[in-house]
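Each remark here refers to the structure printed beneath this line.
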Amino acid sequence: MAWVVVLLVFLGLCVLLNLLLPQPPPSRWRRRLRRSVDGLAARIRPRPVPEPDPFETLRLQTRLGHLAGEIRRVEATRMYAKAHKLMALEAAYDDLLDEACRMAGVSEEADLKRGEAKRWLEEQELASRGWSW
């Protein structure tokens, strides 16, 4: 039984000595191995998805609301080049909807072209996730 105590004391002294003595610089092969292991771990380990900034979300919702109001205003009035203004506003609105969908994690509808159907689906998906504008 005494040899177990001696062994534990010896191991404890070795740990303390290892902590107190300066460590030798890593050799070249250890550095290469470390870099390759880190590179492999970076490829295998999924990268964390950053949470969207709440102020960026609010800015996007405000801009969507502003553009929706502008579209309603242009549709309700008679003006020169109404169709061109409406097309430009709808294109900007569609771009903002795409950005909002990416931010909210909505899957993209690859088979749908830009238009009323895609816009309606994206608005419904965003509304179901609590977005309002």
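Where a number appears in this text, it was derived from the coordinates with a stated rule and is not lab data. Treat the numbers as computed from the prediction; the structure is a model and nothing was measured. Cβ sites come from the backbone with ideal geometry, for glycine too, and all protein chains shown count toward neighbours.
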TODO: Jot down the radius of gyration and Dmax of the chain, Cα atoms only, both in angstrom.
DONE: 30.3, 101
Task: Relative contact order of the chain, defined on C-alpha pairs under 8 angstrom at six or more residues apart (%) - done: 22
Task: Charge context of residue 78, other residues only, Cβ under 15 angstrom, K/R +1, D/E -1 - done: +3
Open item on the list: Using alpha carbons only, how many angstrom separate the centre of the range 60-95 from the centre of the range 116-133?
Closed with: 17
Task: Sum of -39500 (n - 2.57) over DSSP H runs of 4+, divided by residues of the chain (222 nm, nearest 500) - done: -24500 deg cm²/dmol
- [ ] Return the Cα extents of the range 54-128 along principal axes one, two and three, sorted largest first, each rounded to a whole Å.
- [x] 39, 31, 17
Task: Rel. contact order, % - alpha carbon contacts under 8 angstrom, at least six apart, the range 54-128 - done: 29
Task: Potential extension, residue 73-residue 86 segment - 0.36 nm per residue separation minus Cα distance - done: 3.7 nm
TODO: Answer with one residue from 42, 16, 89: the one whose Cα lies farthest towards the positive end of the charge dipole of the chain, charges on Cβ with Lys, Arg +1 and Asp, Glu -1.
DONE: 16
Task: Student exercise, the range 54-128 dipole from Lys, Arg, Asp, Glu Cβ charges, in Debye to nearest 20 - done: 520
Task: Gain upon complete extension [residue 107, residue 8; 0.36 nm per residue less C-alpha separation] - done: 29.8 nm
TODO: Compute the long axis of helix 2-20 from its Cα atoms, compare it with the longest principal axis of the Cα atoms of the chain, and write down the angle in degrees, 0 to 90, nearest 10.
DONE: 50
